[in-house]
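These notes are about the structure you will find just below.
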Amino acid sequence: MKAIQVSARVDQSIKESAQKVFERQGLDMATAIKMFITKTAYEQQIPLSVQETNKQAYPDDWFSDQRVANRNEITRLAFAKSPIEDLDLSKQEDREEFMQ
């Protein structure tokens, strides 16, 4: 299985709060994310439930036009073909190009 790197931008306070939860469960952030993605792929649905307890509201600007546009641009870029896909990192010249 060829592994790829996945990255996401998250508010620092949310990341830190989630990291504390994962640590209490004996998990690191990467393992928790892998579990979420794997479960989603196997079950073909998002493994989350909506609960009213400990509800945290979205930030005021969460659905602003600029944030929606930014999320749409991120989605477009995520599905665009990346030039890195053409690199063979077992070759020295491709590794050098990747490091630039």
If I filter segment 5-31 down to residues being of a type in the set (A, V, I, L, M, F, W, C) and within 24 Å of W62 (Cα to Cα), which single residue comes out as nearest to the chain's Cα centre (by Cα)? A8
Conditions first: (1) under 23 Å from R67 (Cβ atoms); (2) small (G, A, S); (3) modelled with pLDDT of 90 or more. S7 passes all but one, so which condition is the exception? (3)
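The values are calculated or read from the model by the stated rules, or taken from the named source; none is laboratory data. Bear in mind the structure is a predicted one, so any value in this text is a computation, not a measurement. Cβ: placed from backbone, ideal geometry, glycine included. Neighbour counts: every protein chain shown.
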